[in-house]
Amino acid sequence: MMGSYGVGVHEKGEISLEEILAEVRKNPELDKAGAIGCFIGIVRGEGLKGGRVRKLSVEAYREQAERSLERIAREILEKPGIVDVRIHHVVGELEVGEPILYIVVAGSHRGEVFESLREAVDLVKKEAAIREKEITDSGEYWVSQE
């Protein structure tokens, strides 16, 4: 497998998009890329069961979560034209609007980059060992990751 990837589970403030992009730029194969796509998931202010979200509590079984993020990154990196994949998830108590998930994909063409970003987001939501609890003005509940 060619290309490069990086994953991590981080406390709030430990990772930024700028740091992730700096890592992507170090990839010696980046000259094969014509696009870098970024997805940033943020904490939604409207609760899935209604009400206003006061905060989101995100928990992870760190080792297991990082293994699943690594597996997803490697799977995306095997796609034709993809040269770099970065997946970083934030845990802890997060406020509305704060970033919770960063996914960065570099590849030859924008079409494959966009498609790979979407697939990576869906896989993280479905497979990562990460739980989210919405704390709203009308109660608290764990959010399904489906």
* Asked: So which of A35, A60 ends up being within 26 Å of F114 (Cβ to Cβ) and either touching a Lys or Arg at 6+ places or on another chain (Cβ under 8 Å) or aliphatic (A, V, I, L, M) (or both)?
  -> A35
* To do: Kindly check whether there is at least one residue in the range 8-22 that is in contact with an Asp or Glu (Cβ under 9 Å, 6 or more places away or on another chain), surrounded by 19 or more Cβ atoms within 10 Å (Cβ to Cβ) and not in a loop (DSSP other than H, G, I, E, B).
  => yes
* Quick one: would you say K55 is of a type in the set (D, E, K, R) and part of a strand (DSSP E or B)? -> yes
* To do: Output the residue which, of all residues in the range 96-146 that are among the aromatic types (F, W, Y) and surrounded by fewer than 15 Cβ atoms within 10 Å (Cβ to Cβ), is nearest to R67 (Cα to Cα).
  => W142
* Is there any pair linking a residue in the range 54-77 that is farther than 28 Å from I135 by Cα to one that is at pLDDT 95 or above and of a type in the set (D, E, K, R), with Cβ under 9 Å and at least six apart or on different chains, and which? -> I72/E119; A73/R86; E75/E119; I76/E119; L77/D84
* Asked: Hey, does the range 81-93 have a residue that's surrounded by fewer than 20 Cβ atoms within 10 Å (Cβ to Cβ) and over 19 Å from L123 (Cβ atoms)?
  -> yes
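The values are calculated or read from the model by the stated rules, or taken from the named source; none is laboratory data. Not measured: the values here are computed from a predicted model. Every residue, glycine as well, gets a Cβ built from its backbone with ideal geometry; the counts of neighbours run over all protein chains shown.
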